[in-house]
Amino acid sequence: MEEYQDHSLGSRVFQKIRDNILNGTYKENDELRETAIGKELGVSRTPVREALRQLELEGLVTIIPNRGAYVSGISHKDIWDIYKIRSMLEGLCARWAAEHITEESLLLSEFQMKKESGFSTEQVAALDGRFHAVLYEASGSRMLKHVLTDFHNYVQRARKSSIVSEERARKSIREHRQILRAIK
């Protein structure tokens with residue numbers, strides 16, 4: 001859990017369980033046992049229980065009284081819905097970012113785009129994440145940044161699998177360069 005050191009214990013536990021659901025470590029319908037997860041993460045059951053309740057609010061976990069917590073996962077329809085909602089919100093984000101983005105942020109994004117000439121699909125996925133993080137920050141909206149970051153994380157697994165071909169990876173980079181030019 002060292003990648004979450006800047007967060008409270010409860011937040012770190014939540015993020016770790018959430019990441020394990022989103023990356024497929026915990027699969028749909030898996031039972032999430034508080035004791036086992038607590039032992040795995042080196043924490044008591046209390047932060048695990050709180051994290052599971054929060055994940056239930058997000059729809060990633062279903063808690064059945066007297067039976068336990070189970071992974072709900074993200075369906076293909078959920079991913080489709082998220083992409084549709086994201087497309088609308090990211091248009092707004094790009095508009096606001098264009099109004100507020102600093103020269104430094106533009107140069108950082110431009111540098112990252114130029115740097116990725118010989119690339120792997122993992123590098124393209126990482127570049128995509130960094131690019132969107134710059135735009136979310138530049139939008140100047142804490143709420144928009146939060147919502148879009150969550151959506152971006154939810155579809156992380158689908159995004160990686162959609163950039164499996166070199167042609168799709170190249171197209172993704174071209175699309176990001178077009179967005180950057182439009183913002184300039």
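Couple of notes before you dig in:
- The residue that is nearest to the chain's Cα centre (by Cα), among those in segment 105-134 that are modelled with pLDDT of 70 or more and among the polar types (S, T, N, Q), is Q123.
- Within the set T102, T35, T46, the sole residue that is of a type in the set (V, I, T), loosely packed, with under 14 Cβ neighbours inside 10 Å and at pLDDT below 90 turns out to be T102.
- Any hit, segment 82-89, residues being of a type outside the set (V, I, T) and either at pLDDT 95 or above or more than 16 Å from N153 (Cα to Cα) (or both): yes
- A residue that is in a helix (DSSP H, G or I), open to solvent by less than 90 Å² (accessible area, probe 1.4 Å) and either among the aliphatic types (A, V, I, L, M) or closer than 24 Å to S141 by Cβ (or both) occurs nowhere in segment 63-71.
- Of all residues making up segment 138-170, the number that are surrounded by 12 or more Cβ atoms within 10 Å (Cβ to Cβ) and either at pLDDT 80 or above or not in a helix (DSSP H, G or I) (or both): 14
The values are calculated or read from the model by the stated rules, or taken from the named source; none is laboratory data. Since this is a predicted model, take the numbers as computed values, not measurements. Using ideal geometry, Cβ is built from the backbone for each residue, glycine included, and neighbour counts are taken over all protein chains shown. Ligands, DNA and RNA are stripped out before the accessible areas are found, and what is left, the full protein with its side chains, is counted by its heavy atoms. Shrake-Rupley method; radii C 1.70, N 1.55, O 1.52, S 1.80 Å.
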